[in-house]
Amino acid sequence: MIAFKPSDIVRYLDQYVIGQEDAKRVLAVAVHTHYRRLSLRKTGGETGLDKSNILIVGPSGCGKTLLCETLARRMSVPFVTADATSLAQTRFVGEEIEAIMTRLLERAGGDLEKASQGIVFIDEVDKLKTGASGTIRATSGESVQHALLKIMEGYPARFDNGRVMDTSGILFICGGAFVELERIMARTHAFGYIATMEGEDENILERLNNRVKPTDLFEYGLIPEFTGRLPIIARVTPLDRNMLARIMVEPKNALYQQFRTLLAEEGVQLVISATVFQQIADLALEYKTGARSLRGIFEELLTPVLYSVPDQPGIKAVHIRSLFEPPQFLTRQMPESEGRATATPA
Ligand SMILES: Nc1ncnc2c1ncn2[C@@H]1O[C@H](COP(=O)(O)OP(=O)(O)O)[C@@H](O)[C@H]1O
Ligand SMILES: [Mg+2]
């Protein structure tokens, strides 16, 4: 296991995930500590450090899953995601959890040792509220919490074929939107609010006051034993217009880059003005699904281009200046500086 420093991990995450600076730091430190602990354990050292699993709280489509899968890629450990709601829809939670472990083992190429150091991301744990009703479910949210608790506490996973996997080194990251949490926090923090005093760092105080407390999670409907296994809480924040625009342009595998490469293979240069990314971001904001709707809008914009380019061999460049104007088809390439990606108009 390579011992990446937290700052190395953050720099890697920065290449793929826009914003979410606080979450990146919290995750990087937690992951670094987790794998330090594992390597010390392997060399026989007793660290006295208990495993700390992680909870990521924040709206959907803002990078929770992306952060986790990018982390796993940096650490070169196998990674699987699972959905707490589907766990609650099955009658046999135990079997479902075993299936998650089986997938992890598959990702590790069947190597038990490798799988036992993997990362498991369980999304939508906020849907496991106790007493949640409405739909008829085979398993209550609370019993799913108990089932997850067992595996998070390090109970070995047993497979059909009799193999047993040590799960005590697996890092569990739970995620959820926890929509009403803000309201609960606003209420409970009215009592525990730490006010600024002379000479105190306002940023530190702000962070303390924005912390999600275990009591907030109990009140939300997670059982104390479950939250007790998730002592590290990272928060992702909603993405604003500029962040959404940057997501299409800046990450290593950004949409703009993908389509530029695609068209370049047909000998056509694609140039999209910064205004367009801002316009798409505005639409995405209206859809309220974070960055999820970007790809759809982007592909729709490019459909007419991708359709007609193969029919017009003379075309050397396509310039899209606005979402509300037809693309321009040019017979000469534009200066490369024009094609350089920017998400914000100069
Ligand atoms: N902060 C971000 N930076 C870059 N891409 C993002 C970001 N947030 C979301 N995305 C993109 O939006 C999509 C959904 O993100 P995801 O991580 O699954 O959201 P969540 O798990 O928070 O619901 C993914 O395709 C991801 O690439
Ligand atoms: Mg997700």
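Remarks
- So Arg332, is it in a loop (DSSP other than H, G, I, E, B) and of a type in the set (Lys, Arg): yes
- Among the numbered conditions (1) within 13 Å of ligand 1 (Cβ to nearest atom); (2) more than 26 Å from Ala177 (Cβ to Cβ), the only one that Cys68 does not meet is (2).
- Of all residues in region 236-251 being surrounded by fewer than 20 Cβ atoms within 10 Å (Cβ to Cβ) and within 16 Å of the chain's Cα centre (by Cα), the one that is nearest to ligand 1 (Cβ to nearest atom): Pro251
- For region 52-72, the count of residues that are in contact with a helix residue (DSSP H, G or I) (Cβ under 7 Å, 6 or more places away or on another chain), away from ligand 2 (no atom under 16 Å from the Cβ) and small (Gly, Ala, Ser) is at least one.
- For region 77-101, filtered to residues that are modelled with pLDDT under 95 and among the polar types (S, T, N, Q), the residue that is nearest to Gly176 (Cα to Cα) is Thr85.
- Breaking point among (1) of a type in the set (Ser, Thr, Tyr); (2) more than 16 Å from ligand 1 (Cβ to nearest atom); (3) more than 25 Å from Lys5 (Cβ to Cβ), for Thr81: (2)
- Condition check for Ala23: touching a Gly at 6+ places or on another chain (Cβ under 8 Å) and either assigned to a helix (DSSP H, G or I) or within 16 Å of ligand 2 (Cβ to nearest atom) (or both): yes
- The set of residues in region 146-199 being within 26 Å of Ala30 (Cβ to Cβ), modelled with pLDDT under 85 and outside any helix (DSSP H, G or I) consists of Glu180, Ile194.
The values are calculated or read from the model by the stated rules, or taken from the named source; none is laboratory data. Quick caveat: nothing in here was measured; it's all calculated off a predicted structure. Here the Cβ is made from the backbone with ideal geometry for all residues, glycine too, and neighbour counts use every protein chain on show.
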